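Here is the structure we will look at.
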Amino acid sequence: IKKATEAAKKNIHHITLVKQGNTLSHEVVGKFAACNVYLKPAPEGTGVIAGGPVRAILELAGVANVCSKVYGSRAPINVIRATSQGLDSLKSYKEMKVLRGKE
């Protein structure tokens with residue numbers, strides 16, 4: 001158990017959420033093998049609109065309002081890996097403003 005706990009601590013992923021609405025800062029597509037997972041921020045009160053594996057990952061990550069759609073392969077392990085890749089590629093709200101030339 002101790003060995004597994006140490007390995008899990010090394011594999012923690014940090015994502016930044018928008019404080020207002022507790023949602024994603026921008027739309028993102030996660031890709032793994034033949035699976036594409038589209039994640040889109042949603043207004044407050046929407047909840048997590050997602051299928052099984054995507055819903056589990058987003059709820060554990062603390063995302064409260066998001067819409068998602070899975071394209072291509074629907075094998076659960078591929079969906080999980082694509083969702084994880086998409087969340088890892090998220091940028092913060094401030095980084096997105098700089099990239100879009102708003103700040």
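The values are calculated or read from the model by the stated rules, or taken from the named source; none is laboratory data. Keep in mind it's a predicted model, so treat the numbers as computed, not measured. Positions of Cβ are backbone-derived with ideal geometry, glycine not excepted, and every protein chain shown enters the neighbour counts. We work out accessible area using only protein heavy atoms, side chains counted, and drop any ligands, DNA or RNA first. Shrake-Rupley method; radii C 1.70, N 1.55, O 1.52, S 1.80 Å.
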Loop-located trypsin sites (Lys or Arg not before Pro) in the range 46-95, at most 16 other Cβ atoms within 10 Å (DSSP): R74, K91
Y38 versus H13: modelled label distance in nm, points set 7 Å from Cα along the beta carbon direction: 2.0
Residue among L24, L60, P76 farthest towards the positive dipole end of the range 1-83, charges placed on Cβ: P76
Per residue solvent-accessible surface (Å²) - the chain, probe of 1.4 Å: 66
Accessible surface of I77 - all protein chains present, 1.4 Å probe, nearest 10 Å²: 90
Student exercise, the chain dipole from Lys, Arg, Asp, Glu Cβ charges, in Debye to nearest 20: 220
Cα Rg, Dmax, the chain, angstrom units: 14.4, 48
Helix-derived mean residue ellipticity, 222 nm - over the chain, DSSP H n ≥ 4, -39500 (n - 2.57), to 500: -11000 deg cm²/dmol
